[in-house]
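Everything below concerns the one structure shown next.
The values are calculated or read from the model by the stated rules, or taken from the named source; none is laboratory data. What you see is a predicted model, and the numbers here were worked out from it, not measured in a lab. For neighbour counting, all protein chains shown are included, and Cβ atoms are generated from backbone atoms with ideal geometry for every residue, glycine included.
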Amino acid sequence: MIRATVYPAGSFEFKSDAIAADKSISHRCAMFSLLAEGESQIENFLRAEDTLNTLKIVAQLGASIVDDGKTITIRSNGIHETSEILDCGNSGTGMRLFCGLLSSAEGHFILTGDEYLKRRPMKRVTQPLRAIGARLDGRNNGDLAPLSIRGASLQAFDYESKIASAQVKSAMILAALRSDGVCTFREPELSRDHTERMLLGMGAQVEVNGLETKIYPLQKPLTPLNIRVPTDPSSAFFFAVAAAITPNSTVVIEGVTLNPTRIEAFKVLERMGTNITYTLTSEKYEPIGNITVKYAPLKAVTVEENISWLIDELPVLSIAMACASGKSIIKNAEELRVKESDRIKTVVDNLNLCGIVTEEYSDGYAVQGGELQKAVVNSYGDHRIAMSFLIAGLRCGMEVEDIECINTSFPNFFELLSACTKVEK
Ligand code: S3P
């Protein structure tokens, strides 16, 4: 188990176009290429464990993949049965989206993952997929991986999801594309919409009307992707918080997606007092631009809306809350309990170890701003917990145990962090 030590930071100016590429978009690039005719060209694909696992599965399903180090070229040969077990590693996105994609593919497929993924709920996709004819199974009546899928013909559906989850929405959209009629999917709050944007760009007929999406079955293969994956705002946000808690510091993040369903955490940081500006530089599939974050004293905030737009950023937002004056509250975020770790528990326990007073709720927590203190904390195998507490270390020093998980989403995190402060592994 590797441990890292971060030392308190002086003020810094940090500008980077090398923050990890977007994880959600990279997964989708690899998977959606399977539905295209011709060569998809993907630049700046995220070379992290989660997305490389997805890319490997796409190859195992029969695609030809050429990687020249800069551009990844994927040529689909249709989706083919394989004797190999498809290992999604730590990725819930990988596993849930493959459920939707493979439910209608000819053949039998086994999806598995690491010890953490095998504990995460899959019923949210297996249940609605089974209801339209998919033949999916797993432990605990189809809730836990390993999952087995035998491709079947799928019926058109009208499905109302109880949770705002892009993974559920995307799995159902992928199933709908190869179902026998026009499908409708509804969600309680808009979740990230990369699937809709990318499929539209590839020529699929997907109509979005508020919280309702209509999907028409594919009449022909999709047009290949030609994309440069933008910077991941969730990864970038660690450095936004780094500037927000370090007096006289500035961070400039380049080439990041400015998709409104992804930058809500930056908006909350603005509400807390941080000075943030956004510059749109291009638009293809997604609005893309630069974000500049400048330190200013932080004040407490309540976060209870648009939770799915900042669910991944809540752990490190909690570090900003610990440095703010007053009591911050997070509500309606029960989804945190079923992420790579139970993030309500892992954030609260680690903040307590750092001398911060918290209250735990079933659907969130409160953080009383105070003086963060150096501690030895554990990542619980969760990349976002590891990185959040390393960022807290900029303020007070920190030792974080079990940091290998950072490779699932942000392999060059340490390299970039050491531009802001001293770090040892
Ligand atoms: C993701 C959707 C979110 C997010 C995850 C990536 C995606 O999960 O937490 O990190 O790429 O679709 P849910 O859709 O389950 O909320």
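Which residues, taken from segment 79-137, are within 14 Å of residue 62 (Cα to Cα) and β-branched (Val, Ile, Thr)?
Those that are within 14 Å of residue 62 (Cα to Cα) and β-branched (Val, Ile, Thr): 79, 82, 85.
Can you spot a residue in segment 10-22 that is within 17 Å of the chain's Cα centre (by Cα) and not in a loop (DSSP other than H, G, I, E, B)?
Taking every residue of segment 10-22 in turn, at least one turns out to be within 17 Å of the chain's Cα centre (by Cα) and not in a loop (DSSP other than H, G, I, E, B).
Please state which one of 350, 407 is outside the structural domain of residue 165 (by TED's automatic domain parsing), within 25 Å of residue 47 (Cβ to Cβ) and not in a loop (DSSP other than H, G, I, E, B).
Exactly one of 350, 407 is outside the structural domain of residue 165 (by TED's automatic domain parsing), within 25 Å of residue 47 (Cβ to Cβ) and not in a loop (DSSP other than H, G, I, E, B), namely 407.
Could you please let me know if residue 111 is in a strand (DSSP E or B), under 23 Å from the mean Cα position of the chain (by Cα) and surrounded by 17 or more Cβ atoms within 10 Å (Cβ to Cβ)?
Against the criterion (in a strand (DSSP E or B), under 23 Å from the mean Cα position of the chain (by Cα) and surrounded by 17 or more Cβ atoms within 10 Å (Cβ to Cβ)), residue 111 qualifies.
Can you pull out every residue in segment 165-182 that is without any contact (Cβ under 8 Å) to a residue 60 or more places away in the chain and either crowded, with 24+ Cβ neighbours inside 10 Å or of a type in the set (Asp, Glu) (or both)?
Within segment 165-182, 169, 176, 180 meet the criteria.
Sort out which residues of segment 130-147 are buried (at least 16 other Cβ atoms within 10 Å of the Cβ) and more than 22 Å from the chain's Cα centre (by Cα), and write them in order of number.
Answer for segment 130-147, where residues must be buried (at least 16 other Cβ atoms within 10 Å of the Cβ) and more than 22 Å from the chain's Cα centre (by Cα): 130, 132, 133, 134, 136, 138, 142.
Which of (1) more than 12 Å from the ligand (Cβ to nearest atom); (2) touching a Pro at 6+ places or on another chain (Cβ under 9 Å); (3) within 17 Å of residue 170 (Cβ to Cβ) does residue 85 not meet, given it meets every other one?
Single failed check for residue 85: (3).
Can you list residue pairs whose Cβ atoms sit under 9 Å apart, with the first residue in segment 207-232 being among the β-branched types (Val, Ile, Thr) and loosely packed, with under 15 Cβ neighbours inside 10 Å and the second being outside any loop (DSSP other than H, G, I, E, B) and at pLDDT below 95? Count only pairs 6 or more apart in sequence or on different chains.
Cβ pairs passing all conditions: none.
Looking at (1) away from the ligand (no atom under 13 Å from the Cβ); (2) touching a strand residue (DSSP E or B) at 6+ places or on another chain (Cβ under 8 Å); (3) not charged (D, E, K, R), find the lone condition where residue 181 falls short.
Tallying (1) away from the ligand (no atom under 13 Å from the Cβ); (2) touching a strand residue (DSSP E or B) at 6+ places or on another chain (Cβ under 8 Å); (3) not charged (D, E, K, R), residue 181 fails exactly one: (2).
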